[in-house]
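Notes follow once the structure below has been shown.
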Amino acid sequence: MQFTKKSQEHIDSCRFCWMCHHVCPIGNATGLERNTARARALGLSLVMRDSIEYSDDIINNVYECSLCGGCMTDCVTGWDPVMFTKEARLGAALDGKLPEYVMTMLSNLNEKGNIYGADKNENIPEINGGDTLFFLGEDTRAKSCAKTAVELLQKAGVEFTLLKDEPNSGYSMDFLISAAAETKAMMENCAKVLNNYKKVVCYDPADAKVMMREYKEWGIEVKAEVVTFTRFLAELIKDGKLAVKNSGKEFTPQDSPILARDLEETAPIRDILSACGVVNEMLLNRAYTMLAGNLIMNEYMPNVIEKVAENRWFNAKNANAKVLVTTSTAEYEMLLKTKPEDMELKKIEEVVAECL
Ligand code: SF4
Ligand code: SF4
């Protein structure tokens, strides 16, 4: 297993200091030391020095990270466990050491176009409406639904296209094997389709993240303007295309770590919720948010991911939240699975639709 100089520096510089330990949603769910950035860096530092083998146990540990970036945000010395964890996944792929569960997901992706092995969702209509592409993404097509979002865009008079055969953005490949040649090829294929449009509105932050960050980093050109659905929706309200009435109801935003940390986008969800009602914040919000779910990891460690979602409900309850509002498909699905009876869960578009 070969690490780049940059990763070697970050692995070696991580002080194994415990300081970020409390912000790890996976470590908090399992209660295990092995699930902290500190323990992962320690294991990889031994692999890096050839003191131990890059064994199945260390590789599994590398896949027990959600890449949510909580530790990175909290690290006062500025080290980046997400970077070296992704590189360790790439290393496992290049060394032919991928765990069975990762191989299964990759083979599903090859056969069905999604890692879940789901058949094509025939309920999604094809809409040929113009040079704005509404991109639903793999998680939504395979595991969720964006019907209300589609209807809302139509109500706002947005001319948009929805593809029956949408390309995969490469988000799941990036999560599983990082910057492998296959990931880049998938992203290049997607970029070719995106470039037929002037604007791409990403329903799921996960797709927006790779299009706005990894494509750029790896020199994959996207000429289309990429925006998140949340930002697009906030602009529709601001421009008066969706005339919402303030219901006075209290809403608590669940900041998606991808939106809040990777894309540094925290204002649009609050703009929308303030237009529709009153914002009631959780203690850990914006860049300090906690992950509430990951559908990829739910494939191989479902009990832990359910506990992650339950923990976020616990945070919401402590903030006296009544209605938790999400913008991420994965988080919505996991929160729905674990929802306490006395609390409400809404997607951002549902909040808007109810206030029209
Ligand atoms: S990532 Fe930073 S805060 Fe976390 S253990 Fe390493 S040095 Fe400490
Ligand atoms: S990236 Fe997230 S899941 Fe991974 S070690 Fe850091 S805080 Fe934990």
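Any read-out appearing in this document is the output of simple, stated calculations on the displayed coordinates, not a laboratory observation. Since the structure is predicted, the reported quantities are computational estimates derived from the model, not experimental observations. Note that each Cβ is placed from the backbone with ideal geometry, even for glycine, and that neighbours are counted across all protein chains shown.
A few remarks follow.
- Ordered by the count of other Cβ atoms within 10 Å of each Cβ, fewest first, Cys68, Cys202, Cys75 give Cys75, Cys68, Cys202.
- Hydrodynamic analysis of the chain uses the Kirkwood radius over alpha carbon pairs. Inserted into Stokes-Einstein at 20 °C and 1.002 mPa s, it gives a translational diffusion coefficient of 103 µm²/s.
- Isolated cysteines in the chain, defined as those with no second cysteine Cβ under 4.7 Å, comprise Cys14, Cys17, Cys24, Cys65, Cys68, Cys75, Cys145, Cys190, Cys202.
- Taking the stretch 3-45 and a reference point 7 angstrom along Cα→Cβ of Asp95, the backbone N atoms nearer than 17 Å belong to 3-5, 7-9, 11-12, 40-45.
- Between Glu235 and Leu356, the distance separating the two model label sites (each 7 Å from Cα on the Cα→Cβ line) works out to 1.9 nm.
- Ratio Rg/Rh, restricted to the stretch 242-354 and using Cα atoms, in which Rh is the Kirkwood radius: 0.96
- Cross-linked pairs Lys97/Lys192; Lys216/Lys241; Lys238/Lys339; Lys155/Lys198: Cα-Cα separations exceed 24 Å for Lys97/Lys192; Lys216/Lys241; Lys238/Lys339.
- Alpha-carbon centroids, the stretch 99-151 and the stretch 218-262: separation in whole Å: 21 Å
- Restricting attention to the stretch 242-354, close to 0% of DSSP beta bridges with both partner residues there are antiparallel.
- Net dipole in debye of the chain [+1 Lys, Arg Cβ; -1 Asp, Glu Cβ; about Cα centre; nearest 20]: 640 debye
- The order of Leu90, Leu32, going from fewest to most other C-beta atoms within 10 Å of their C-beta, is Leu32, Leu90.
- Each residue of the stretch 250-257 is assigned a 3J(HN,Hα), and the resulting list reads 8, 10, 10, x, 9, 5, 5, x Hz, derived from the Karplus form 6.51 cos²θ - 1.76 cosθ + 1.60 (θ = phi - 60°), x at Gly and Pro.
- Each of Asp56, Asp74 was scored by other Cβ atoms within 10 Å of its Cβ. Arranged with the fewest first, they read Asp56, Asp74.
- The chain - share of DSSP beta bridges that are antiparallel (%, nearest 5): 5 percent
- Difference of contour (0.36 nm per residue) and Cα-Cα distance, Lys198 to Glu281: 26.4 nm
- Relative contact order %, the stretch 56-107, counting alpha carbon pairs below 8 Å whose residues are six or more apart: 41 percent
- Two-site FRET efficiency, Lys317 against Gln2, from Cβ-Cβ distance with R₀ of 41 Å, rounded to 0.05: 0.35
- The stretch 5-98 - Debye-derived log10 I(q)/I(0), Cα point model, q = 0.10, 0.16, 0.17 Å⁻¹: -0.22, -0.57, -0.65
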